[in-house]
Amino acid sequence: MSKNFRKKKIPLLLLAVSAILLAAAVAAVNYTVDPAGVFTTGEEQRAVEILLSGQSAANLDNYNERFVKRQLAGSIGPVDTLALGSSRAALITREMAGGGSFFNLSVAGAMLQEAVGLYGLYYESYGPPQRVLLVVDPWFLSEDYQSGRFRQSVGDGFYSYASSRMGMEELDGSDYQVSALYSSPDGAGFFELELQDMEQVLSVSYFQQSLKELFDGESRKVHPTSLQQGEVGILRSDGSYSYPASYVEVDEQTVAARGRDTGLIGLGSYDLESGRMLPMLLSFLDSLLEDGVQVELLLMPINPATYESSVQQGVPMQAIEQALGEAAAERGVQLTGSFDPAALGAGYGDFYDAYHPRPEFVRGLLEEAGIC
């Protein structure tokens, strides 16, 4: 071996070792700090315990809500009314739902299967509630929309309910195994992480979040609160969610910019004639009605700029509304609201970002439906 070759080989070896050490450092910090509860769920379990004690949990701006809602679905006890859907549905409070026993099992970015899965987990423990408020988002009917963690978090609830109550016996239970992170209150060990989680453990952007929290050590400490809204995210005792005041209290110009700049949800394939998603939604609806559940279907408006962009990008908003309207009429189910802000007279002042109307607008929509 020549001296020149050895000289070239040593820097390459040092570079490889340095890269490995850097990756190990990133992984160690991301896994240990874990600002969003991707790998460890200690603060999320604390939130579960707070809600089960009848209190609200504060300091939940960035957390693993699928873990929290999964744990709560089988622990909250039987309630009269459940709210299901995405973070848009998570705006609905007990008071908006007319009072009584109520819980909101919605999670951000939910796909239809997650709404069914969380309902299935509740159903396994308590059977059907008296009423379900189902907030349908357009992406519920997208043939290829994926929220990212459906199978790992509530896949078993979906499989159990869909195969037994929705006529989907062809499902293979082995495809819906929940990961250790979600099935155990203690979360997952490093060597139990799945491929998707391993990618996150090496993420540079997540490393930046981890460093920020590392030098702001109290930022993810969840604690009980009597506030309904504050400077941090609050998961209320009824399962509804309140965004930080600094995020909500913005002017119309900011809302319009958020509507233009936010990435669109649900772009992709829609097949309302022969696809699988509309029949899945109707099967879920029929199963609820067969159990004597009073179903309220709700459509919430979308920021005007976001709505226009979504339509331009091919999301068939009007066709989805028509299909849902026909299905609801055939079943004697009330359908209230619209995705189209113009149809409801909603402007930028009625939103605080691309997809979330203000609570007072949501309350008015529920009043129109006779719910509150």
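The values are calculated or read from the model by the stated rules, or taken from the named source; none is laboratory data. As the structure is a computational prediction, the values presented were derived from the model and not from experiment. Cβ sites come from the backbone with ideal geometry, for glycine too, and all protein chains shown count toward neighbours.
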Does L171 count as at pLDDT 80 or above, buried (at least 20 other Cβ atoms within 10 Å of the Cβ) and within 30 Å of E321 (Cβ to Cβ)?
no
What are the residues in region 280-315 that are more than 29 Å from G370 (Cβ to Cβ) and surrounded by fewer than 20 Cβ atoms within 10 Å (Cβ to Cβ), if any?
E308, S309, V311, Q312, Q313, G314
Would you check if there is a residue in region 71-87 being modelled with pLDDT under 95, of a type in the set (S, T, N, Q) and surrounded by fewer than 19 Cβ atoms within 10 Å (Cβ to Cβ)?
no
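To keep it simple, each residue is scored yes or no on (1) in a loop (DSSP other than H, G, I, E, B); (2) within 21 Å of F150 (Cβ to Cβ); (3) under 19 Å from the mean Cα position of the chain (by Cα); (4) aromatic (F, W, Y).
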residue	(1), (2), (3), (4)
F67	no, yes, yes, yes
G77	yes, no, no, no
A83	no, yes, yes, no
A90	no, yes, yes, no
A97	yes, no, no, no
G100	yes, no, no, no
V107	yes, yes, yes, no
Tell me which residues, restricted to region 266-279, are out of contact with any Pro (no Cβ under 8 Å at 6 or more places or on another chain) and crowded, with 17+ Cβ neighbours inside 10 Å.
M277, L278
Cβ-Cβ under 7 Å pairs, at least 6 apart or on other chains, region 126-143 side surrounded by fewer than 24 Cβ atoms within 10 Å (Cβ to Cβ), far side part of a loop (DSSP other than H, G, I, E, B) and among the polar types (S, T, N, Q)
S142/S269; E143/S269
Per the filter on region 98-110, residues surrounded by 23 or more Cβ atoms within 10 Å (Cβ to Cβ) and of a type in the set (A, V, I, L, M) are L105, V107, A110
Suppose we keep only residues that are small (G, A, S) and free of Cβ contacts under 8 Å to residues at least 24 places away in the same chain within region 243-257. Which one would you say is surrounded by the most Cβ atoms within 10 Å (Cβ to Cβ)?
A257
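Quick grid of which residues meet (1) of a type in the set (D, E); (2) in a helix (DSSP H, G or I); (3) at negative phi:
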residue: G120; (1), (2), (3): no, yes, yes
residue: S147; (1), (2), (3): no, no, yes
residue: E170; (1), (2), (3): yes, no, yes
residue: D175; (1), (2), (3): yes, yes, yes
residue: L181; (1), (2), (3): no, yes, yes
